[in-house]
Amino acid sequence: MNLIECKDLCKEFDGKPVLKNVNLKIESGRIIGLLGKNGAGKTTLIKIINDLLTPTSGEVLIEGKKPGVESKAVISYLPERTYLNPDMTPGQAISFFHDFYSDFDTERAERLLQDMNLDKNQKISKMSKGMREKLQLLLVMSRDARLYVLDEPLGGVDPATRDYILDTILSNFKEGASILISTHLISDIERILDDVIFIDEGEIALSVSADELRVNENESIDEYFRRYYDVRKTDKI
Amino acid sequence: MNFVFDNDRPIYIQLVEQLEKYIVSGKIGVGERLPSVRELALLTKVNPNTMQKALMELETEKLIYTERTNGKFVTTDQTLIQRHKEKFAEEKTEKYLKDMAELGFGRKEASAYIMNVEGEENEPD
Amino acid sequence: MLGKLIKYDLKGIIRPLSVFYILGVTFSVLARIFNEVQNSIIFQVVGKITTVIATCIIISSLLFCLVQLWARFERGLFKDEAYLTHTLPVKIQTIYASKCIVGLISTVTTMVIALLSLFIGYYSEENLQAVRSSLELTAGIYDTTVVRLLLLVAFVSLLEAVFIMLVGYAGIVLGYRSNKNKNIRSVTIGVGLYLAMQVLTLGIVFVIGLFQPEVMNLIKTVNFGMDPVWAIKLLMYAGIGIYIVYSIGYYILGEKVLEKGVNVD
């Protein structure tokens, strides 16, 4: 069974289509890059998978079932927003996750908290944006989920932190689990990708293995996408 | 050990090349036990799947072998290692000759350049 | 899971409310102290001022409680925190139930604290006597006991508060179904739902009046102490019944709409 399957998935906002007939399959044990420009529909797709948006038509199945309690128990999701109650401290956030997710590893979370030099007792409202992002990443990666959905985990951080974040992701995801990682910073991430899903103006423009793309096109994924947009630009002229 | 990758070629092929190099140069010793796939992936900062693929490739080349339950080991077959080493040397030489040919030097001239290089002979590191 | 949700929801709301509780009680105690000192004009003036402040805090704590409940409901289900709320492995019905139960608990708590503060601030032999006699008078008219009357008043106030809270929740849930002007829609729909139910109540009372002329008289003319007790009682119990039905209705409405799925910004 596929980990995720999208069937003719459409999403409109006030009649404006954001996702157009998306058909997609994601297997277990893969690291998949969901690539595309800002506004291409990456976050919309991710939010539908996480039950935060209701599709206009079509459906998404997670291990054969519609998003619900069961899918939420196996998906660990990192949104772009700060989704923690700002009155909480990291310590309280850790016990919150421990209370609700049976796959949450408190020890790992506390170890990562120390690694990241975060204060267990500092209020989240008093933290910088970078600190909050780190805290959320550690919470999400402290779960032994079957699918990690990471929405722009590298946005807005400096290159040194990017490496640290990628390391954290690689060293903490469970064997056999998949990672769906959305980004527009392709070059930073492409070396860890198994597969590439490229979404453009709400449509799946490409779904291929990363190596296949490199061998066929004889260039990096990043270069391929730059070329793709250049071609499109000249097409329009 | 330091691993650097270009994004325009499959990462696993580059991994194979670099691991081969470490084996033939003796940086990973003959018969040495390799860390687990996951540990190696972390060390090289690549996806575990990619590392797995690279190791499978090395296994088909017989440079490493799997001992049930104990993990993966570098081959103890010295002649095989030597053969790979020579293959590398040939490739490097070919590349040098090709580059020189592009500059308009013949094979003889190119090798003369090598003979004329000044300085002490470097100890291989 | 419901227990855990209630624990965190309650923790969240008690924090801001406790500021009001502490202020309310503190000012009541101060008012009490200042008012006790009889022979100083300054103290009397200060006492009066603190009494007014204490009363304002107590009244606004009730309003603040409602506003906090709505704000937290909106934040938790439709704003940034919704990204966590809706990705917890918990049914939406459970999440909604937790919000409503916590709403009920915090409303009761706020009312109890408000009464306590009032008691501290205003308690004196004469005041107690005055309240008691007026209660006894009313109870006498309606052929009931003081305790029953008090319980009834408390119950009706709570019912009204819970009803308003649920109307607000339903307004937010419905308002957030659209993609634009979610805030304004929520407020408009909430007010609309509230007014609709008030009109409906009047309608029901009118219908009852059609069959019971004495009840109709009750609505048409105000003549205190002269109305037949049974008619007033009938109206009272009908009102309570109607509000319970409304509250349940709005609870279910909110739940059903949420079950259809959300669209978080």
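The values are calculated or read from the model by the stated rules, or taken from the named source; none is laboratory data. Here the structure is a predicted model, which is why all the values come from computation and not from measurement. Please note: Cβ atoms are built from the backbone with ideal geometry, for glycine as well, and neighbour counts cover all protein chains shown. Protein only, heavy atoms only, side chains kept; ligands, DNA and RNA dropped before computing areas. Shrake-Rupley method; radii C 1.70, N 1.55, O 1.52, S 1.80 Å.
A few points about this structure:
- Qualifying residue in the stretch C:101-118 (condition: among the aliphatic types (A, V, I, L, M), part of a helix (DSSP H, G or I) and within 15 Å of C:I172 (Cα to Cα)): no
- Candidates C:T107, C:T85, filtered to the one that is closer than 14 Å to C:L258 by Cα and free of Cβ contacts under 8 Å to residues at least 60 places away in the same chain: C:T85
- Looking only at residues in the stretch A:26-47 that are on the phi > 0 side of the Ramachandran plot and touching a residue at least 24 places away in the same chain (Cβ under 8 Å), the one that is surrounded by the fewest Cβ atoms within 10 Å (Cβ to Cβ) is A:G29.
- Tallying residues that are facing another protein chain (nearest Cβ under 10 Å) and either touching a residue at least 60 places away in the same chain (Cβ under 8 Å) or in contact with a helix residue (DSSP H, G or I) (Cβ under 6 Å, 6 or more places away or on another chain) (or both) within the stretch B:16-45 yields 4.
- Filtering the stretch A:48-72 to residues that are among the hydrophobic types (A, V, I, L, M, F, W, C), open to solvent by less than 50 Å² (accessible area, probe 1.4 Å) and out of contact with any helix residue (DSSP H, G or I) (no Cβ under 6 Å at 6 or more places or on another chain) leaves A:I48, A:I49, A:L52, A:L61.
- Some residue of the stretch A:95-102 being in contact with a helix residue (DSSP H, G or I) (Cβ under 9 Å, 6 or more places away or on another chain), more than 10 Å from chain C (Cβ to nearest Cβ) and closer than 27 Å to A:E190 by Cα: no
- Of all residues in the stretch A:205-230, those satisfying the criterion of being under 18 Å from A:I31 (Cβ atoms) and away from chain B (no Cβ under 12 Å) are A:L206, A:S207, A:V208.
- Enumeration of residues in the stretch C:1-38 that are away from chain A (no Cβ under 13 Å), open to solvent by 60 Å² or more (accessible area, probe 1.4 Å) and farther than 22 Å from C:S60 by Cα: C:I33, C:E36, C:Q38
- Per this entry, C:T87 is counted among residues that are at pLDDT 90 or above and assigned to a loop (DSSP other than H, G, I, E, B).
- Any hit, the stretch C:171-186, residues being within 19 Å of C:L115 (Cβ to Cβ) and among the basic types (K, R): no
- So A:I124, is it β-branched (V, I, T) and surrounded by 21 or more Cβ atoms within 10 Å (Cβ to Cβ): no
- Within the set C:I101, C:I113, the sole residue that is surrounded by 20 or more Cβ atoms within 10 Å (Cβ to Cβ) and either in contact (Cβ under 8 Å) with a residue 12 or more places away in the chain or not assigned by TED's automatic domain parsing to the domain that holds C:A196 (or both) turns out to be C:I113.
- Listed conditions (1) away from chain A (no Cβ under 14 Å); (2) surrounded by 14 or more Cβ atoms within 10 Å (Cβ to Cβ); (3) part of a helix (DSSP H, G or I) are all met by C:T144, apart from (3).
- Pairs with Cβ under 8 Å, 6+ apart, first in the stretch A:112-127 and free of Cβ contacts under 8 Å to residues at least 12 places away in the same chain and farther than 17 Å from A:L166 by Cα, second open to solvent by less than 60 Å² (accessible area, probe 1.4 Å) and in a helix (DSSP H, G or I): A:M127/A:L135
- Taken across the stretch C:176-188, residues that are open to solvent by less than 50 Å² (accessible area, probe 1.4 Å), under 30 Å from C:Y251 (Cα atoms), within 14 Å of chain A (Cβ to nearest Cβ) and touching a residue at least 40 places away in the same chain (Cβ under 8 Å) do occur, with at least one present.
- All helices (runs of 4 or more DSSP H) inside the stretch A:2-113 with 1 or more residues being of a type in the set (G, A, S): A:69-74, A:90-100
- Across the stretch C:226-263, the number of residues qualifying as without any contact (Cβ under 8 Å) to a residue 24 or more places away in the chain, buried (at least 16 other Cβ atoms within 10 Å of the Cβ) and either assigned by TED's automatic domain parsing to the domain that holds C:A97 or more than 23 Å from A:T54 (Cα to Cα) (or both) comes to 2.
- Some residue of the stretch A:85-100 being open to solvent by 40 Å² or more (accessible area, probe 1.4 Å) and among the β-branched types (V, I, T): no
- Test: residue in the stretch B:55-69 that is open to solvent by 60 Å² or more (accessible area, probe 1.4 Å) and either under 13 Å from the mean Cα position of the chain (by Cα) or within 13 Å of chain A (Cβ to nearest Cβ) (or both): yes
- Matching entry among A:R143, A:R111, A:R162 (being within 14 Å of chain B (Cβ to nearest Cβ) and of a type in the set (K, R)): A:R162
- The set of residues in the stretch A:69-94 that are closer than 16 Å to C:V90 by Cβ and more than 7 Å from every other protein chain (Cβ to nearest Cβ) comprises A:E70, A:S71, A:V74, A:I75, A:S76.
- A single entry from A:Q136, A:Q114 fulfils the requirement of being open to solvent by 50 Å² or more (accessible area, probe 1.4 Å), modelled with pLDDT of 90 or more and of a type outside the set (D, E, K, R): A:Q114.
- Among the residues of the stretch A:177-232, those that are open to solvent by less than 40 Å² (accessible area, probe 1.4 Å), assigned to a helix (DSSP H, G or I), free of Cβ contacts under 8 Å to residues at least 40 places away in the same chain and of a type in the set (D, E) comprise A:D211, A:D222.
- The set of residues from the stretch C:66-84 being out of contact with any Gly (no Cβ under 8 Å at 6 or more places or on another chain), open to solvent by 30 Å² or more (accessible area, probe 1.4 Å) and part of a helix (DSSP H, G or I) comprises C:V67, C:Q68, C:A71, C:E74, C:R75.
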